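In what follows, a structure is listed as structure tokens, so that the remarks can point back to it.
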Amino acid sequence: MTAQHTIAVLGLGRMGEAVATRLAAQGRQVLGWTRSGRTSGSFDTTGDPHEAVAKADVVLLALFDGPACRQVLDTVEDSLRADTMVVNLGTIAPAEASELARRIGASYVHAPVLGSVPAVAAGALQILTAADPDTLDRARPVLEALGTVRRVDDASTAAALKLIANSSLAGAVLALRDALQQADALGLSRTQALDVLELGHLGGLVARKRPFLDSEDSETKAATAVGTAAAPAGGTADFTIAALAKDMNLLAAASDMPLRCVSELANAPGGPESDIAVAATARAPADSVLAPLRAYIRGHATGDPGHFRAAFLPTAHIEGVRDGVFVSWPLDEYCALFDGSPAPDEPARSRRIDTVDVHGTVATATMTLRHGPDTFTDIFLLVRVDDRWRVANKAYHRHL
């Protein structure tokens, strides 16, 4: 692709503007368009998508999701020339990618990218590319101006691989959150914790996102630079919580498998337009939601049923399989199992709260109990009633 060819970039959000700026800086003729009417000093723009497409040899789609891709293509389809390539850089569902490939035909290139705005500026994207071989040869010079082209068999596979890659990113962000919460609990300074984390497996993420993470109060300071008067403490978001949550919803729907990070991202601090790093600054569960779980632990440690009555709602049931038979004890029957004295081997026993997930006025929690030769997994449903958390029900599994 030589400099005299025109590239239309449809969608001038963070990524679209960065892509258009990169290509224009390399001497390519770029004409950008966005539904918001945004203009740029780095490349030419137009308010008419038909004008952008009619002049283009390559149309780059840098749009938020599958419906946006369909809507924009519906608008400009009549203006596409027969030899115009449509290169889709967006993250969409595998089924949506297949649909667009069938619709556009041999001139369609599905090319989701790994990397965000800084990688675009450096020409360091990893581009998962599915296309007809001849079409890919024609599109390659433009794509290689943005990063490394990695050939993938088909559009659906490229889309699926992009979602898996973003799933690992979501996992890394939440792993970083957990590490920072534990550092806070141990009384470590944020700077000290980040310095060490930057040396380990999360080092690349920490180094890239350090401006969003450095402050102990970054959770409360973080806000989006889009649609607000003030920029966030860490600067403009490269990749937003909303975009990553969208991708994880696509993955959950496509795989029909549970994906815990979907709900955790939905509850992230800073708002949906904050950078994904802000999700790592979420505070640990409040002591109030941990209080009934700790009371439950004290009940086992002391054998005093009063702690269980403090932990559970009066209507609670404790359920599981005991000696091969399902049991469902009301709270009074469960408390009657305890005589007010600790077990003889109490010093060797242990209990650990494994997870707590809060969703407004309800929460779930899991706990591991090691009682002599027996290990139990307890699963709790908690409810906030009258500004106090209580266990509404507990189910358990005894590991044999």
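The values are calculated or read from the model by the stated rules, or taken from the named source; none is laboratory data. Just so you know, these numbers come straight off a predicted model, no measurement behind them. Methodologically, a virtual Cβ is constructed for each residue, glycine included, from the backbone with ideal geometry; neighbour enumeration extends over all protein chains shown. For accessibility, only protein heavy atoms count, side chains too; no ligands or nucleic acids. Shrake-Rupley method; radii C 1.70, N 1.55, O 1.52, S 1.80 Å.
Scanning segment 105-112 for any residue that is of a type in the set (A, V, I, L, M), in contact with a Lys or Arg (Cβ under 9 Å, 6 or more places away or on another chain), surrounded by fewer than 23 Cβ atoms within 10 Å (Cβ to Cβ) and over 15 Å from Thr34 (Cβ atoms) turns up nothing. With respect to (1) within 23 Å of Ala56 (Cα to Cα); (2) open to solvent by less than 10 Å² (accessible area, probe 1.4 Å); (3) part of a loop (DSSP other than H, G, I, E, B), the lone exception for Gly123 is condition (2).
Can you tell me which residue among Gly340, Gly270 is under 30 Å from Ala179 (Cα atoms), outside any helix (DSSP H, G or I), touching a residue at least 24 places away in the same chain (Cβ under 8 Å) and touching an Asp or Glu at 6+ places or on another chain (Cβ under 8 Å)?
The conditions single out Gly270.
From the list Leu23, Leu31, the lone residue that is open to solvent by less than 60 Å² (accessible area, probe 1.4 Å), within 22 Å of Ile104 (Cβ to Cβ) and in contact (Cβ under 8 Å) with a residue 60 or more places away in the chain is Leu23.
For segment 313-326, check the following and say yes or no: at least one residue is surrounded by 12 or more Cβ atoms within 10 Å (Cβ to Cβ) and either within 30 Å of Leu169 (Cβ to Cβ) or in contact with a Gly (Cβ under 7 Å, 6 or more places away or on another chain) (or both).
Looking only at segment 313-326, we keep the residues that are surrounded by 12 or more Cβ atoms within 10 Å (Cβ to Cβ), and these are 313, 316-321.
Those left that are additionally either within 30 Å of Leu169 (Cβ to Cβ) or in contact with a Gly (Cβ under 7 Å, 6 or more places away or on another chain) (or both): none.
Taking every residue of segment 313-326 in turn, none turns out to be surrounded by 12 or more Cβ atoms within 10 Å (Cβ to Cβ) and either within 30 Å of Leu169 (Cβ to Cβ) or in contact with a Gly (Cβ under 7 Å, 6 or more places away or on another chain) (or both).
Residues in segment 316-334 that are more than 37 Å from the chain's Cα centre (by Cα) and under 23 Å from Thr364 (Cβ atoms): Arg322, Phe326, Val327, Ser328, Trp329, Pro330, Leu331, Tyr334.
Does Ala284 qualify as being surrounded by fewer than 17 Cβ atoms within 10 Å (Cβ to Cβ), in contact (Cβ under 8 Å) with a residue 12 or more places away in the chain and of a type outside the set (D, E, K, R)?
In short, yes.
Taking the numbered list (1) in contact (Cβ under 8 Å) with a residue 40 or more places away in the chain; (2) crowded, with 22+ Cβ neighbours inside 10 Å in turn, Asp57 passes all entries but (2).
Here Thr91, Thr6 are screened, and the one residue that is touching a Lys or Arg at 6+ places or on another chain (Cβ under 7 Å) and at pLDDT 95 or above is Thr91.
Within segment 309-326, the set of residues being assigned to a strand (DSSP E or B) and in contact (Cβ under 8 Å) with a residue 24 or more places away in the chain comprises Phe312, Leu313, Thr315, Ala316, His317, Ile318, Glu319, Gly320, Val321, Arg322. Where helices (runs of 4 or more DSSP H) fall entirely within segment 129-239, those with at least 2 residues that are surrounded by 15 or more Cβ atoms within 10 Å (Cβ to Cβ) and modelled with pLDDT of 95 or more are at 133-144, 155-185, 190-197, 203-213.
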